[in-house]
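S.K.: Structure incoming, see below.
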Amino acid sequence: MAERQANFSHRQMILPFVDQPGGLLKALHALQNASLDHFLAPSDLKLVAEVFGVPEAKVWGTVTFYSLYSTSPRGRHIIRVCESAPCYVVGAMDILKSLGAMLNVQPGETTSDGRFTLEVASCLGVCGVAPALMVNMDVHGNLTRDKLAAILAEYA
Amino acid sequence: MKYYRAHVLICSGSNCAIKGCRSVKQACEQEIIRHGLQGEVQVVDTGCLGLCDQGPALVVYPEGVMYGRLTPSDVLEIVSEHLLKGRLVHRLMQQPTGPAGEVSPLSMTPFFQKQKRVVLKNCGLIDPERIEDYVRAGGYTALATALDVMTPESVIAEITQSGLRGRGGAGFPTGRKWEYTRVAAGQQKYVICNADEGEPGTFKDRLILEGDPHLIVEGMALAGYAIGATRGIVYIRGEYELSIHRMEQAIRQARENGLLGEGILSSAFSFDLEVCAGAGAYVCGEETALIESIEGNRGEPRFKPPYPVEKGLWGQPTSVNNVETLANVPSIIEQGALWYRSLGTPSSPGTKVFTLTGNIVNSGLIEVPMGITLREVIYEIGGGIPEGKQFKMAQTGGTSGGCLAAAHLDIPMDYDSLQSHGSSLGSGALLIMDDTHCIVDLTRCFLKFFVHESCGQCTPCREGAPALYHLLGKVSAGAGGHADIQLINRLSRTMQSSSLCALGQTAPVPVLSALQHFWPEIEAHLNGRCPANKCVMGKAAGKIAN
């Protein structure tokens with residue numbers, strides 16, 4: 001019953017995008033934003049394919065192409081550490097290693113309490129304050145190992 | 001209109017926001033009220049001043065005194081000393097004072113003196129969230145002039161004569177692109193602003209959109225008028241939340257004031273804009289991949305020709321222009337092609353916005369005339385290399401650009417000079433690296449980016465990038481030989497000549513320039529030695545390479 005209700009509300013959520021040119025990505029954005037685990041479940045993709053009248057393979061192909069979409073459940077907060085060259089030359093790898101040790105996860109994994117998912121990312125576009133990372137949509141820059149604990153503490 | 005005796009301009013760009021400009025602004029406003037100065041001093045949010053490493057920063061006018069690296073408690077002192085008593089707070093000032101204690105204007109400091117601001121003319125001076133501020137600074141004059149006295153053809157002629165070239169990286173003449181789009185047959189033409197900025201080390205488009213969004217609205221409306229488009233799309237990468245917000249707000253404000261929509265400024269010209277947010281893919285900065293993404297598909301580049309000017313969005317003629325390119329347009333229309341040509345070099349007229357990153361004292365955003373040397377940028381504007389270290393190399397144009405050595409510090413920075421030295425102007429990213437870094441280690445880092453960002457559609461790029469990354473790993477581990485270097489060379493040439501789009505074609509550029517300019521250091525690796533002592537060699541390293 002609950003599942004059917006969720007399905008109904010998801011359908012309502014994406015219907016407005018069907019007639020919009022290029023609305024597929026917008027629908028996927030909306031569904032993922034509504035997901036508590038920040039991901040697109042197989043049932044979501046099936047629904048999008050049905051509502052948009054396109055093959056399920058096309059939806060999977062589109063979703064897995066873009067780095068902002070995930071097809072597996074993620075933590076409450078998503079940490080994205082930039083490993084591109086401008087961050088790399090000022091110590092991004094130290095930051096990534098320290099975070100991994102603090103959270104006891106490898107990049108791509110979620111902490112056992114479901115609080116954080118650690119991801120590596122390409123340039124976040126704030127190289128003026130490298131090394132940088134994003135937690136959800138917040139950017140944190142000029143990172144040093146000492147600052148990490150305080151940043152994590154901001155996210156319950 | 002209300003007059004204030006002093007203005008406090010607080011940078012609210014992303015780089016400053018990270019450092020806490022919100023709390024600085026809040027403290028400033030509260031303190032001004034506490035001292036009863038709210039009728040005399042106005043606090044204004046502005047765009048980026050350029051000195052990102054000195055944020056959060058604010059400038060107090062009329063004196064033009066810049067205070068940097070502020071905490072909320074510093075602001076209490078600025079309000080009670082500077083704004084209340086008229087005494088400068090020297091310990092927080094970011095510019096020198098003369099013998100009699102007088103402040104030299106911000107524009108005379110080494111950081112600003114060599115700059116020429118055309119694209120960034122309003123950044124740090126106006127409130128980007130208020131259309132009134134943009135209009136007061138002369139905004140929308142160019143659009144009004146064009147609609148009033150210029151034909152679309154004469155707008156294109158002016159841009160062509162100005163010699164403006166695309167600022168996204170390829171450097172294609174903007175006037176010619178518009179001309180092709182104008183003459184192409186199609187029912188509905190489009191202007192697309194490419195703000196899918198993803199080149200590592202580049203954040204200029206973000207700060208332009210955040211600091212002066214109406215400039216882009218005006219530039220796009222002019223482009224639309226010139227090519228005969230009634231619709232435009234600003235494609236902004238999904239991570240740029242503030243850019244998306246400011247652009248959407250600017251579009252709303254422009255509509256409310258009759259500067260977008262039906263019959264703009266009582267003319268027969270109709271044009272409207274919308275924002276489209278990206279979903280995280282570097283390759284979408286490539287114009288045909290970007291179009292695929294707007295259409296709701298995987299962002300895979302199309303085979304060219306046909307070029308977007310003939311068959312672009314929804315198969316219609318489309319002009320895709322970079323943010324910085326469009327930001328130049330209003331000034332060219334207002335001040336003329338001759339004026340624009342007086343800046344820069346004959347083959348690369350105008351200015352270029354660069355982002356300084358890496359091992360440099362002043363990391364941030366600058367705008368300089370084309371043709372300035374790397375030495376001037378690094379040592380005069382950028383303040384040199386920190387911690388007394390030596391300059392080793394600079395990568396121009398982002399991760400897809402070439403690496404230049406100390407011997408190249410005096411070549412002019414323009415499209416053609418950089419290309420003749422195996423590099424490129426690209427997006428204007430300048431990554432400076434000191435002598436503690438190893439060329440092999442860095443080149444691996446660059447390649448890792450392409451391994452991740454290759455879209456996988458064409459074989460040379462999909463297979464070539466990981467193969468290069470693997471070979472460089474072998475060299476880094478001290479297990480490489482001359483045969484591997486030959487293979488790296490051959491693979492690089494293959495990728496350059498046979499990849500479908502610029503991503504695969506330019507991925508080998510940093511590798512080839514490293515081989516060209518840093519051969520002795522690479523050769524040392526073949527002999528089992530890393531001169532910078534960065535690469536881990538031997539058995540343990542062999543594992544990493546795999």
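The values are calculated or read from the model by the stated rules, or taken from the named source; none is laboratory data. Everything numeric in this text was worked out from a predicted model, so none of it was measured. Note that each Cβ is placed from the backbone with ideal geometry, even for glycine, and that neighbours are counted across all protein chains shown. Note: accessible area is taken over every heavy atom of the protein model, side chains too, but ligands, DNA and RNA are not part of it. Shrake-Rupley method; radii C 1.70, N 1.55, O 1.52, S 1.80 Å.
S.K.: Could you pull out the residue among A:120, A:90 that is open to solvent by 10 Å² or more (accessible area, probe 1.4 Å), among the β-branched types (Val, Ile, Thr) and touching a Cys at 6+ places or on another chain (Cβ under 9 Å)?
M.R.: A:120
S.K.: Then there's this: Given the conditions (1) away from every other protein chain (no Cβ under 14 Å); (2) closer than 22 Å to residue B:365 by Cβ, and given that residue B:189 satisfies all but one, which numbered condition is not satisfied?
M.R.: All conditions are met except number (2).
S.K.: Shifting gears a bit: Read through the list (1) within 14 Å of chain B (Cβ to nearest Cβ); (2) at pLDDT below 95; (3) surrounded by 14 or more Cβ atoms within 10 Å (Cβ to Cβ); (4) over 18 Å from residue A:138 (Cα atoms), then give the number of the only condition that residue A:59 fails.
M.R.: If we test residue A:59 against (1) within 14 Å of chain B (Cβ to nearest Cβ); (2) at pLDDT below 95; (3) surrounded by 14 or more Cβ atoms within 10 Å (Cβ to Cβ); (4) over 18 Å from residue A:138 (Cα atoms), just (2) comes out false.
S.K.: Could you please let me know if residue B:384 is touching a Phe, Trp or Tyr at 6+ places or on another chain (Cβ under 7 Å), more than 11 Å from chain A (Cβ to nearest Cβ) and open to solvent by less than 30 Å² (accessible area, probe 1.4 Å)?
M.R.: No; evaluated as a whole, the condition is false for this residue.
S.K.: Would you check which residues across the stretch A:74-87 are small (Gly, Ala, Ser) and either within 13 Å of chain B (Cβ to nearest Cβ) or open to solvent by 10 Å² or more (accessible area, probe 1.4 Å) (or both) and list them?
M.R.: Residues satisfying the conditions are A:84, A:85.
S.K.: For the stretch B:480-498, indicate whether the set of residues that are polar (S, T, N, Q), without any contact (Cβ under 8 Å) to a residue 60 or more places away in the chain and crowded, with 18+ Cβ neighbours inside 10 Å is non-empty.
M.R.: Among the residues of the stretch B:480-498, at least one is polar (S, T, N, Q), without any contact (Cβ under 8 Å) to a residue 60 or more places away in the chain and crowded, with 18+ Cβ neighbours inside 10 Å, which makes the answer yes.
S.K.: Have a look at A:152, A:99, A:148 and point out the one that is touching a helix residue (DSSP H, G or I) at 6+ places or on another chain (Cβ under 8 Å), closer than 26 Å to residue B:398 by Cβ and modelled with pLDDT of 95 or more.
M.R.: Within the list A:152, A:99, A:148, the selection yields A:99.
S.K.: For the stretch B:63-100, which residues satisfy the criterion of being out of contact with any helix residue (DSSP H, G or I) (no Cβ under 9 Å at 6 or more places or on another chain), within 18 Å of residue B:29 (Cα to Cα) and outside any helix (DSSP H, G or I)?
M.R.: Of everything in the stretch B:63-100, just one residue is out of contact with any helix residue (DSSP H, G or I) (no Cβ under 9 Å at 6 or more places or on another chain), within 18 Å of residue B:29 (Cα to Cα) and outside any helix (DSSP H, G or I), namely B:86.
S.K.: What residue, of B:237, B:252, B:231, is more than 14 Å from chain A (Cβ to nearest Cβ), open to solvent by 10 Å² or more (accessible area, probe 1.4 Å) and among the basic types (Lys, Arg)?
M.R.: Answer to the selection: B:252.
S.K.: Which condition number in (1) touching a helix residue (DSSP H, G or I) at 6+ places or on another chain (Cβ under 8 Å); (2) at pLDDT 95 or above; (3) within 11 Å of chain A (Cβ to nearest Cβ); (4) open to solvent by 10 Å² or more (accessible area, probe 1.4 Å) is the one that residue B:322 fails?
M.R.: (3)
S.K.: Checking residue B:108 against (1) closer than 30 Å to residue B:380 by Cα; (2) surrounded by 21 or more Cβ atoms within 10 Å (Cβ to Cβ), only one condition comes out false. Which one?
M.R.: Looking at each condition in turn, residue B:108 falls short on (2).
S.K.: Further, regarding this structure: I want to confirm something. Restricting to the stretch B:287-305 and keeping residues that are assigned to a loop (DSSP other than H, G, I, E, B) and open to solvent by 30 Å² or more (accessible area, probe 1.4 Å), which single residue is farthest from the other protein chains (Cβ to nearest Cβ)?
M.R.: Restricting to residues being assigned to a loop (DSSP other than H, G, I, E, B) and open to solvent by 30 Å² or more (accessible area, probe 1.4 Å), the top hit is B:305.
S.K.: May I pose another question? Return a yes/no flag: does the stretch B:261-282 have any residue that is closer than 14 Å to residue B:168 by Cβ and more than 13 Å from chain A (Cβ to nearest Cβ).
M.R.: No, the stretch B:261-282 has no match at all.
S.K.: While we're here: Of the residues in the stretch A:9-56, how many are within 11 Å of chain B (Cβ to nearest Cβ) and part of a loop (DSSP other than H, G, I, E, B)?
M.R.: 4
S.K.: Among the listed residues B:329, B:309, identify the single one that is touching a residue at least 24 places away in the same chain (Cβ under 8 Å) and not in a helix (DSSP H, G or I).
M.R.: Going through B:329, B:309 in turn, the sole match is B:309.
S.K.: Restricting to the stretch B:37-69, what's the tally of residues that are more than 14 Å from every other protein chain (Cβ to nearest Cβ) and within 22 Å of residue B:112 (Cβ to Cβ)?
M.R.: Going through the stretch B:37-69 one residue at a time, the tally reaches 13.
S.K.: Okay, next question. Show the residue pairs that are 6+ apart or on different chains and have beta-carbon atoms under 6 Å apart, the first residue being within the stretch B:143-157 and touching a residue at least 24 places away in the same chain (Cβ under 8 Å), the second being surrounded by fewer than 17 Cβ atoms within 10 Å (Cβ to Cβ).
M.R.: Pairs found: B:144/B:265; B:147/B:265; B:147/B:267.
S.K.: Under 7 Å by Cβ, and 6 or more places apart or on different chains, what pairs join a residue from the stretch B:14-40 that is not assigned by TED's automatic domain parsing to the domain that holds residue B:204 and open to solvent by 30 Å² or more (accessible area, probe 1.4 Å) with one that is among the hydroxyl-bearing types (Ser, Thr, Tyr) and assigned to a loop (DSSP other than H, G, I, E, B)?
M.R.: Going by the 7 Å Cβ cut-off, the qualifying pairs are B:40/B:4.
S.K.: Here is a further query. Which numbered condition in (1) among the hydrophobic types (A, V, I, L, M, F, W, C); (2) outside the structural domain of residue B:31 (by TED's automatic domain parsing); (3) buried (at least 19 other Cβ atoms within 10 Å of the Cβ) is the only one that residue B:144 fails?
M.R.: Of the numbered conditions (1) among the hydrophobic types (A, V, I, L, M, F, W, C); (2) outside the structural domain of residue B:31 (by TED's automatic domain parsing); (3) buried (at least 19 other Cβ atoms within 10 Å of the Cβ), the odd one out for residue B:144 is (3).
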